[in-house]
Amino acid sequence: MSQPEVALRDATWAEARQVWSWNNAPDVRRASLDSEPIALEDHERWYRAKLGDAAYHIWIARADGDDVGVVRVEENRQGVGVVSIALDASARGRGLGRRALAGACRAYFQRRPGGALEAWIHDANEASLRCFERCGFARARTDLRGGRIFVMYRLQEEPTG
Ligand SMILES: CC(C)(COP(=O)(O)OP(=O)(O)OC[C@H]1O[C@@H](n2cnc3c(N)ncnc32)[C@H](O)[C@@H]1OP(=O)(O)O)[C@@H](O)C(=O)NCCC(=O)NCCS
């Protein structure tokens, strides 16, 4: 079966509701460190602020003519980009998550050469663990959060030249 291309573009206000609906899906909340549902007005306040924040990178992934999900990188105080990804349920399991994540890593390292990325993944989230491993992330440590085990994955861009 042919594998669709995944294109990334910078998120805009036009996708505010769509990003909320992807991130607020119950299974996406369960996969997150903070598993509480997100109120739309809280999301809109957060999203408006983050669109104008240079430490945030939010991309919309598109495949076969449809927007299929969102990848976000938030730079923490140490300058490490913390990644999260959420695909529409209908788009999962077809290699799109892996391509979207790989594209976001490339785009991030173009903006931050020699930078580092991290992700916290629930240890039962097989698709996500595999997706990050396939993109070159390595298991760095684990942590217990709210009675659940999360694995921290890390990817450091190798210096070139
Ligand atoms: C995690 C997520 C982004 C992965 O994207 P995806 O498109 O479903 O995954 P892919 O099809 O690209 O598959 C990536 C790898 O995981 C494997 N995989 C996919 N679904 C799987 C599943 N349900 N169980 C086990 N492995 C699975 C694939 O076989 C593939 O490995 P391979 O390349 O070695 O064959 C997507 O499932 C998602 O949005 N889930 C909900 C939100 C979430 O959990 N986000 C992660 C928290 S940061």
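Rule-based calculations on the coordinates, nothing more; no lab input. Please read all numbers here as calculations on a predicted model, not as lab measurements. Cβ placement follows ideal geometry from the backbone for every residue including glycine, while neighbour counts extend to all protein chains displayed.
Computed values, structure above
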item: For Leu8, Leu144, order by how many other beta-carbon atoms lie within 10 Å, fewest first; result: Leu144, Leu8
item: Cα gyration tensor, the stretch 75-152 - rounded (a/c under 1.5), prolate or oblate; result: oblate
item: Sequence of Asp27, Asp34 once ranked by neighbouring C-beta atoms within 10 Å, starting from the fewest; result: Asp34, Asp27
item: Nonlocal amide H pairs with Gly69, under 5 Å, H built at 1.01 Å; result: Ala61, Asp88
item: Candidates Ser84, Ser35, Ser21, ranked by Gaussian network fluctuation over the chain, Cα under 10 Å, top entry; result: Ser35
item: Net length gained if the chain between Asp64 and Arg145 were fully extended (0.36 nm per residue, minus Cα distance); result: 25.5 nm
item: Compactness of the stretch 1-127 - radius of gyration and Dmax, Cα, Å; result: 14.1, 43
item: Top of Gly65, Gly95, Gly79 by mean-square fluctuation, Gaussian network on the chain, Cα under 10 Å; result: Gly65
item: Model label zone, Arg130; criterion: amide N under 17 Å from point 7 Å along Cα-to-beta-carbon; scope the stretch 92-115; result: 92-102
item: Residue order, fewest to most surrounding Cβ atoms within 10 angstrom, among Ile121, Ile58; result: Ile58, Ile121
item: Antiparallel content of DSSP bridges confined to the chain, in %, to 5; result: 95
item: Net charge contributed by nearby residues that have their C-beta within less than 14 Å of Met152 (K/R +1, D/E -1); result: +1
